[in-house]
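Here's the structure, in C-alpha cells; my notes come after.
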Amino acid sequence: MKKYKRAITYGTYDLFHVGHLRLLKRIADMADELYVAVSSDEFNALKGKVCIIPFEDRAEIVKALACVKKVIREDNWEQKISDIKDNHCDLFAMGDDWEGKFDFLKEYCDVVYLPRTPGISTTDIKKNLKK
Ligand code: CTP
C-alpha cells in the first residue's frame with residue numbers, strides 16, 4: 001500500500017463514537033500525518049445540522065487523539081482545495097457515504113473513500129437518546 005505524507009479528512013464528529021475513531025485510525029495508517037478539519041457550528045447550521053457538542057469541544061477531542069497531528073476548522077464547502085494546497089496534503093480521505101462526491105479534488109491529491117463502520121452514527125445515537 002502506498003504510504004502518503006499528509007492525509008486530510010473532514011467531519012463533524014458530534015458525540016464522538018467508535019465509527020469516527022476507526023475511520024481516523026485507518027486514514028492515519030495510510031500516511032505519516034493526519035490533519036482533520038472539524039466542521040464549525042456555523043457551517044453545520046448552514047447544512048441544517050445541529051450539534052450537541054460545541055465546536056471547541058469537538059475539536060479538542062479530535063486533537064487529543066494519538067493518530068491526529070493537527071485539527072483545522074471547516075467553515076465552508078469551498079475551502080478544501082486551499083486546505084489541501086496550503087497544508088501540502090497528498091491524500092484526501094472520507095467515509096464511503098461520500099463516495100464520488102469529492103472526486104474533483106483528484107486534480108490536487110489522491111482521493112479515497114473508506115468503508116464506514118456499520119451500525120453506528122451520530123444520528124442513530126441521537127435517535128436512541130430520544131426514545
Ligand atoms: N464515519 C464512519 N463510520 C461511521 C460513522 C461515520 O466511518 N459509522 C465517518 C464518516 O464517513 C465521515 C466521518 O466519520 O467520513 C465523520 O462523520 P460524521 O458525519 O461526523 O459522523 P456520523 O456519525 O456519520 O454523523 P451523522 O449521523 O450526523 O451524519
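The values are calculated or read from the model by the stated rules, or taken from the named source; none is laboratory data. Fair warning: this is a prediction, and the values are worked out from it, not measured in the lab. Heads up, the Cβs are rebuilt from the backbone with ideal geometry, glycines too, and the neighbour counts pull from every protein chain shown. Protein only, heavy atoms only, side chains kept; ligands, DNA and RNA dropped before computing areas. Shrake-Rupley method; radii C 1.70, N 1.55, O 1.52, S 1.80 Å.
Side notes on the structure shown:
- Among the residues of this structure, residue 66 does not count as one that is open to solvent by less than 100 Å² (accessible area, probe 1.4 Å), modelled with pLDDT of 95 or more and of a type in the set (A, V, I, L, M).
- Just one of the numbered conditions (1) over 17 Å from residue 21 (Cα atoms); (2) open to solvent by less than 20 Å² (accessible area, probe 1.4 Å); (3) not hydroxyl-bearing (Ser, Thr, Tyr) is not true of residue 107: (2).
- Tally, over the stretch 1-27, of residues that are closer than 19 Å to residue 105 by Cα and either of a type outside the set (A, V, I, L, M, F, W, C) or open to solvent by 20 Å² or more (accessible area, probe 1.4 Å) (or both): 8
- The stretch 55-131 holds strands (runs of 3 or more DSSP E) entirely within its bounds, and those carrying 1 or more residues that are among the acidic types (Asp, Glu) and either under 15 Å from residue 12 (Cα atoms) or in contact (Cβ under 8 Å) with a residue 24 or more places away in the chain (or both) map to 70-74, 110-114.
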